[in-house]
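Encoded as structure tokens, the structure appears first; notes follow it.
Nothing in this text is a laboratory measurement; each read-out follows from the coordinates by a stated rule. What you are looking at is a predicted structure, and each value in this text was computed from that prediction instead of being measured. Don't worry about glycine lacking a Cβ; one is built from the backbone with ideal geometry, like all the others, and counts go over all protein chains shown.
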Amino acid sequence: MIPYGRQDIDESDIAAVVEVLRSDWLTQGPAVDRFETAVAQYCGAKHAVSTSNATAALHIAYSALELGPGDLLWTSPNTFVATANAAVFCGARVEFVDIDPGTYNLCPDALEARLRKATKAGKLPKIVVPVHFAGQPCDMNRIHGLGQEYGFRIVEDASHAIGASYDGIRIGAGRHSDITVFSFHPVKIMTTGEGGMAVTNDASLDARLRLLRAHGITRDPEQMRGEYEGPWYYQQIGLGYNYRLTDIQAALGASQLKRIDGFLRRRAVLADRYDGALRSLPLTLPARAPRSISSWHLYVVQLDLQRASRSRREIVEQLRRLGIFAHVHYIPVHKQPYYAAEPSDAFSLPVAEAYYERALSLPMFSKLSDAEQDEVTASVGKVLS
Ligand SMILES: *Cc1c(COP(=O)(O)O)cnc(C)c1O
């Protein structure tokens, strides 16, 4: 079976992990510091705070921006449930804004229309979370401009998008947002097994993220109340979690980051090859936004079900029988029973729903060989003909 995504681990990655296993530190130690510095440098941000996974990073990002009960967070329905769930962890309510039919990202026009309505109703969001779906950056200039106008904060869910760029600048540089979050789950661009990172240019947000990551505890005398009692001393000055990344994971992450250019190059080649091979089939190829370079986490086509004269389910099942693990990203989050139980007018999202009916993700990962990809495109051709 050819999976839709998988990790790319080589001997240098294995050696980096083994080196940590022989060292004095296993959990958060010097390898975590090195990995955080490397990611901050890579994406051009001032600060990077690693976490046990991206869901945890989203949770502390929203918390650092003081999202709480009574607040609203708006995001795209075309995302993994974690983007929304992390807001519910904070006691906030989540609402969804429809997507753009070309890029499948949060639509700035839909956002602007909803903001106008919400202003009248007095229900503006505290945070808006654009998700760089499939690795293709959102229209951040527009979203940032609306943030200035309507006073919301911005967290970029860049779980798919480390290495992608917008206006020639890497995602994570923080030109258009307060915090950017990356995921290092094995199907993403690079991996730490499980892991995430929140990056920011704001020193006070960085300090808050670090407290939230580790129990609300500080060892910095500057942050303490009262007297510093000695080298053993720490204070809990807020409530936080245990969301630490381990040194074992960080060593893997730093090693993977050294290889990221190769990962991204290979994914871009695979995307071009797919475009060429699938062009004449009854489907829509992924759009390429003019000011962006995608990291190609996913390769998503939209099926023309009339011309294919089969259901999407039949197509996916047939592909799986042929050994191709095609997948679908994403079931719109507002359609999940947990969220659908509390509907509102914010849940009428026709573009996201129409997109979902026809979406299909084909295998996309750096280790996918030309021969395997040819097998995928031949199978897709066979199923759709
Ligand atoms: C993978 C993913 C997450 C969650 O990442 P984890 O590291 O698995 O917690 C969040 N948002 C999006 C868009 C994702 O794809």
Check your understanding: Can you run phi through the Karplus equation (6.51, -1.76, 1.60; θ = phi - 60°) for the stretch 363-370 and list ³J(HN,Hα) in whole Hz, with x for Gly and Pro?
Key -> x, 8, 6, 5, 7, 5, 7, 4
Review point. In debye to the nearest 20, how big a dipole does the chain give about its Cα centre with +1 on each Lys and Arg Cβ and -1 on each Asp and Glu Cβ?
Key: 740
Practice item. Before rounding to the nearest 500, sum -39500 (n - 2.57) across all DSSP H runs of length at least 4 in the chain and divide by the residue total; then give [θ] at 222 nm in deg cm²/dmol. Key: -12000 deg cm²/dmol
Revision key, fill the gap. Under 19 Å by backbone N from the virtual spin label 7 Å along Cα-to-Cβ at Glu66, the residues of the stretch 132-157 are 147-155
Practice item. Quick one: compute a quarter of the convex hull surface over the Cα atoms of the stretch 32-81 and quote it in nm². Key: 4.7
Review point. Can you list the equivalent-ellipsoid semi-axes of the stretch 121-211, largest first and in whole Å, using the square root of 5 times each Cα gyration tensor eigenvalue?
Key: 23, 16, 12
Practice item. Round to a whole angstrom and tell me the spacing of the C-alpha centers of the stretch 1-68 and the stretch 262-314. Key: 29
Practice item. In Å³ and rounded to a whole number, note down the convex hull volume per residue for the Cα atoms of the stretch 274-338. Key: 154
Review point. Counting only Cα, what are the radius of gyration and maximum Cα-Cα distance Dmax of the stretch 211-313, in Å?
Key: 24.9, 74
Check your understanding: What are the radius of gyration and Dmax of the stretch 164-279, computed over its Cα atoms and given in Å?
Key -> 19.3, 69
Review point. Per the Debye formula with a single identical scatterer at each Cα and no solvent contribution, what log10 I(q)/I(0) holds for the stretch 247-385 at q = 0.10, 0.12 Å⁻¹?
Key: -0.43, -0.61
Point to revise | Equivalent ellipsoid dimensions for the chain as semi-axes, Å, which come from the Cα gyration tensor, largest first | key: 36, 28, 17
Check your understanding: In whole Hz, what ³J(HN,Hα) sequence does the stretch 268-281 give by Karplus (6.51, -1.76, 1.60; θ = phi - 60°), x for Gly and Pro?
Key -> 5, 4, 4, 5, 4, 5, 4, 3, x, 7, 9, 3, 8, 8
Point to revise | Within straight-line cross-link reach of Lys117, lysines at Cα separation under 22 Å, skipping those fewer than 8 residues along the same chain | key: Lys126
Review point. Which of the pairs Lys120/Lys335; Lys46/Lys367; Lys258/Lys367; Lys188/Lys367 have their Cα atoms more than 23 Å apart in this structure?
Key: Lys120/Lys335; Lys46/Lys367
Exercise for review: Fewest Cβ neighbours within 10 Å first, please rank Leu72, Leu305, Leu298 accordingly.
Suggested key: Leu305, Leu72, Leu298
Review point. When Lys and Arg each count +1 and Asp and Glu each count -1, what net charge do the other residues less than 10 Å away from Gly44, Cβ to Cβ, add up to?
Key: +3
**Study point:** Segments 215-223, 131-139, 252-260, 76-84 sorted - mean Cβ within 10 Å per residue, highest first
**Key:** 131-139, 76-84, 252-260, 215-223
**Study point:** DSSP beta bridges in the stretch 73-176 [antiparallel fraction, %, rounded to 5]
**Key:** 25
Exercise for review: Work out from phi, with θ = phi - 60° and the Karplus expression 6.51 cos²θ - 1.76 cosθ + 1.60, the ³J(HN,Hα) of each residue of the stretch 25-35, listed in order in whole Hz, and give x for Gly and Pro.
Suggested key: 10, 10, 8, 2, x, x, 5, 5, 4, 5, 5
**Study point:** the stretch 3-117: relative contact order in percent, alpha carbon pairs under 8 Å with at least 6 residues between
**Key:** 16
Exercise for review: Express the Stokes-Einstein translational diffusion coefficient of the stretch 7-128 in µm² s⁻¹, to the nearest whole number, given a Kirkwood radius over alpha-carbon pairs, 37 °C and a viscosity of 0.692 mPa s.
Suggested key: 189
Practice item. Evaluate the relative contact order of the chain (contact order divided by residue number), counting alpha-carbon pairs under 8 angstrom at least 6 apart; express in whole percent. Key: 24
Study note, to complete from the structure: Across all Cα atoms of the stretch 1-77, Rg and the largest Cα-Cα distance (Dmax), in Å, are 17.2, 50
